[in-house]
Amino acid sequence: MVRGLSKAEFKGKNNINQLADKLAELGVDDNAIAQVREFAIQEKHHGEVTKAILDKYAPKDAKEDDSNKPVYVCSVCGFEYAGNLDEESEDYKCPICGCAKGVFQKV
């Protein structure tokens, strides 16, 4: 789950910057846009921190090889679920944003 969180944080930077671009197109105040862009930088930093925690503390044998597992991405926040999402119960929710299982898309 932490690996998925880290990836979602890195992707969040891009998504939030896209939001800032849209706000600029709409003529939103420059100070507000600057705050949104700062939030994007913070998201990237969160991704870096969670990755560093994993690299430092995850036991070597606990690092899974997800290369053969299907990957589903939450279309709202970018969280990546490695494995068979169909095996999760119907009330499964994204651990990051809380959206329903139905928003995930297989990649």
Taking a label point 7 Å from the Cα of ILE53 along the Cα→Cβ vector, which residues of region 1-23 have an amide N closer than 15 Å to it?
-> 1-10
Taking the Cα centre of the chain as origin, work out the dipole magnitude from +1 charges on Lys and Arg Cβ and -1 charges on Asp and Glu Cβ, in debye rounded to 20.
-> 240 debye
Choose one of PHE39, TYR72, THR50: the residue whose Cα lies farthest towards the positive end of the charge dipole of the chain (beta-carbon charges +1 Lys, Arg; -1 Asp, Glu; about the Cα centre).
-> THR50
Please report Rg over Rh for the chain, where both radii come from the alpha carbon positions and Rh follows the Kirkwood definition.
-> 1.05
Within 10 Å, count the other beta carbons around each residue, average over each peptide in 21-31, 97-107, and list them highest first.
-> 97-107, 21-31
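Over all directions, what mean area does the Cα convex hull of region 1-61 project, stated in square nanometres? Please list the in-between numbers first.
Numbers: hull surface 16.4 nm².
With every direction weighted equally, the projected area is 4.1 nm².
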With 5 Å bins from zero, work out the P(r) of region 64-107 over every alpha carbon pair and list the percent per bin.
-> 5, 26, 34, 23, 9, 2
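Quick note: the coordinates plus some simple rules give every number you see, no bench work behind them. Every value quoted in this text rests on a predicted model; they were computed, and no experiment measured them. Cβ: placed from backbone, ideal geometry, glycine included. Neighbour counts: every protein chain shown.
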